[in-house]
Structures are given as structure tokens and as C-alpha cells.
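Presented below is the structure to which this report refers.
Any read-out appearing in this document is the output of simple, stated calculations on the displayed coordinates, not a laboratory observation. Predicted model only: the values in this text are computed from it and were never measured. Here Cβ is always computed from backbone atoms with ideal geometry, including for glycine, and neighbour counts include all displayed protein chains.
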Amino acid sequence: MEHIYHSKNFHDAACLIDTHRSLPVTYITSTNTWDLSPVIDWINGFKNNTIHQYTIVNAATVAVEQIDPEAILVFGWEMMNACMLYNSYSKRDKFINQIITVHRGPVVVIKQDEHLYNPVLVDFVKRIEGKLSAILTCTSSDKDAERVYGGVDTKYIHILPGYLPAVDTSKSKDFKDRSIDVLSRGRWLKPKYGELGRLKASIGEEMLLYWNRNPEVQHLNINHSNDARDRIYGAWIPTVKEAKTLLATPTGCNVIHSTRSQLDIMRDGTTYSSYQRVYAAEINNWEDTLNFECISPKILQAINCRTALILYEGIYGDGVSNLVPGKHYIELKRDNSNIAEVWEKVQDLDLIERITNRAFKYATTTYAYDRFVRFIDCIYSGL
């Protein structure tokens with residue numbers, strides 16, 4: 001078993017690639033998830049930056065005979081997630097068995113949200129273990145990867161769930177002219193997501209509670225909702241560009257779901273206080289926990305829009321190259337003890353501009369898709 005690859009090697013990857021060795025890669029995706037901007041950014045990131053010859057195919061419609069048996073076969077994370085979400089591996093068993101039987105090239109699995117439906121995931125990788133060359137995993141350490149995948153004998157390559165798409169070179173609106181002071185779109189997630197799931201709802205609720213109780217900040221415009229009906233999809237990027245600051249939290253989960261029953265636990269009611277109570281009660285019941293904490297595509301999108309970030313304290317990077325609080329973003333303590341100070345900083349436009357510029361300069365070199373894809377190209381060239 002090898003555990004030698006980490007995204008910290010991005011900066012060294014370019015010099016390792018044989019640019020004359022362009023390999024065929026068949027990338028299996030799912031069009032069910034193509035309405036999500038991170039999926040589009042992910043696919044285009046590979047297509048626009050790779051030295052290899054990518055063929056993108058839809059898992060629902062492609063026939064086995066259409067796939068080059070010598071190509072590097074990649075099961076994309078969006079296909080894997082869609083299968084687990086709809087529990088549809090069984091519907092594609094025949095296709096998977098056929099392709100693994102006849103395929104002679106390397107096989108790679110890319111996975112995100114590895115906490116969900118863990119037994120289904122482990123069963124899948126165990127079935128293809130004999131052909132499996134590598135897993136691109138969002139776990140942050142080799143130890144966590146071994147726990148998630150049950151010790152599958154393969155290379156574990158630690159990556160992030162997303163990277164910075166093409167740099168937005170358009171002129172951003174001056175902060176003084178933006179109509180939203182604080183933008184927040186959270187989610188009422190079930191306790192199955194652990195503490196990191198709770199934070200997605202609590203950061204916006206806590207900022208809104210402070211706003212409601214303190215008239216001195218009520219001249220500021222906070223645009224917050226945890227209601228799924230208020231999600232912003234097609235107009236998300238223009239909305240972010242209209243905001244001075246965006247609230248966000250580390251992406252990920254703390255809980256491995258080892259049984260189906262764990263997925264059925266619902267929160268009690270829709271009020272923030274009841275939500276907090278249920279989380280406190282349920283999280284204490286989980287024993288099989290770990291840390292999937294890292295930076296999210298949403299955060300990188302905001303940086304690309306030159307919008308300042310207000311983030312709960314946490315890990316925002318790959319554990320090696322991380323955003324720094326006070327330098328790249330405004331930090332809110334998880335106990336909200338400095339929330340008054342955060343609201344003061346929201347009104348300091350000079351501070352916001354300095355933080356935003358530093359974050360943009362850092363992220364466009366550290367978390368860019370072109371660097372990431374060169375790193376993966378290097379990995380594929382060595383399979």
C-alpha cells in the first residue's frame with residue numbers, strides 16, 4: 001500500500017511531467033449533477049489544462065465497447081456521488097462488472113463526501129480493487145483514508161474538493177458601491193454531518209441574531225437565509241460580486257455513516273434553538289468520527305470575485321498551504337465571542353480591500369486548477 005501523494009506537491013509537479021507523453025483518459029461523469037457550478041468548474045478544469053487526451057462520457061448512456069480498454073479509466077466524483085445519492089450502483093452493476101472485466105488500463109476513483117453511504121463506497125472500491133491504481137480522496141491524512149476505505153490496497157492521492165477556476169480578470173465593483181454588506185447562504189443539515197454540518201447553519205444565524213439585537217449595525221444590509229427555497233444558483237456569482245463579505249465555514253463532515261439508519265436522523269423543528277439542541281444531543285452519540293475539514297469551492301469562488309470572507313475558525317486549505325486568519329480572511333470564533341469585532345471590521349472598507357487583495361493573490365497561485373491538473377497529469381503519467 002502506498003500513501004505518498006499529497007496536493008502539497010503541486011508546485012513541484014510541472015517539472016516531473018513528460019510533456020511528450022500524452023495519454024488517453026476516459027472520464028466517466030454523471031449529467032445528473034451538471035447543473036452545479038463546482039462540477040462544471042471541475043470538468044472544465046481538466047479539459048482546459050491537461051496534457052492528456054480526455055474523453056468525457058456519461059455513465060448512464062455509454063456502452064462498454066465505446067471505451068478504450070487501454071485508456072486510463074477515471075470514475076469522476078460527481079458520478080460516484082450521484083450513484084450513492086440515488087443508491088444506483090446496483091442498477092449499473094452489469095456495466096461496472098463488464099468494464100472492469102475487459103479494461104486493461106489503469107483505473108482511478110475520484111471521491112468527495114466520503115462520509116456518506118460509506119459501506120456502499122467501500123463495497124465499490126473492493127469490487128474493483130484488482131484493477132484500481134489510485135483513489136483521489138478528500139481525506140486529509142493517510143490514516144483517515146485507511147479508515148474510510150477499509151485499507152484498500154492502492155495509492156491514496158489527497159486532494160481538495162475544488163480549485164480556483166479561470167481567474168476573473170474583470171474589474172470588480174468598488175466595495176463602497178456594493179449593496180450587500182454581509183451575504184450568507186447556509187443549510188439546515190441533519191446531525192449526520194457532525195459539527196461541521198452544524199456550523200453551516202449557525203454562522204449566518206449568529207450574525208443575524210447580533211444584527212437584530214444591536215441597532216448600531218442595523219444600517220448594514222445582511223442578506224442571510226438557511227432556507228433551501230432561497231438558494232441562489234444561476235445568479236450566485238453576480239450576487240457574490242455584489243457583496244462586500246461572504247460568510248462561510250470549512251467544508252466536510254465529522255461522521256462516517258456506517259449504517260443506513262444513521263442517515264435517517266432528522267432535526268427537530270426549524271427554529272435555530274431546537275436545531276442546536278438536536279445537534280448537541282445527536283453528535284454525542286457518534287463514536288466513529290474523523291475530520292474532513294478543508295476549504296470549499298464556495299470560498300474560492302468568493303476570492304475569485306474579490307469578495308472578502310468571514311470564516312469560522314478552522315482549516316482552509318489542504319493542511320499544508322492554508323489561508324491565514326487576519327491576512328486572508330476575517331475570523332469568527334466558533335463560540336462567537338468576537339462577533340462584535342467582526343461586525344466592526346465589516347464596516348472598515350480599507351481593511352476589507354487589503355484582506356481581499358491578499359487572498360486573491362495567494363489563492364490564484366496556490367489553488368489554481370492549472371497547477372492541480374498538472375499535478376494529476378504527473379500522477380497519471382506514472383500509473
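List the lysines whose Cα sits under 30 Å from the Cα of K155, skipping any in the same chain fewer than 8 residues away.
K8, K47, K91, K94, K111, K126, K131, K143, K192, K298
So, by mean Cβ neighbours within 10 angstrom, what's the order for 133-139, 38-44, 101-107 with the highest one leading?
Working: 133-139: 22.4, 38-44: 18.6, 101-107: 15.7.
Going by the mean number of other Cβ atoms within 10 Å, highest first, we get 133-139, 38-44, 101-107.
For K176, list the lysines whose Cα falls under 20 Å from its own Cα; do not include residues on the same chain fewer than 8 positions away.
Hits, sequence-local ones excluded: K241, K244, K345.
Rounded, prolate or oblate: which fits segment 284-383, taking a ≥ b ≥ c as square roots of the Cα gyration tensor eigenvalues, rounded meaning a/c under 1.5, else prolate when a/b beats b/c? List each step's numbers first, then the result.
Working: a/c = 3.33, a/b = 1.30, b/c = 2.56.
Oblate.
Compute the signed sum of charges (Lys and Arg +1, Asp and Glu -1) over the other residues within less than 14 Å, Cβ to Cβ, of R229.
Numbers: positive: R185, R187, R231; negative: D227, D230.
So the surrounding residues net to +1.
For segment 180-243, which trypsin sites (Lys or Arg not before Pro) pass both filters: DSSP loop (anything but H, G, I, E, B) and at most 13 other C-beta atoms within 10 Å?
Within segment 180-243, the qualifying trypsin sites (Lys or Arg not before Pro) (loop, at most 13 other Cβ atoms within 10 Å) are R231.
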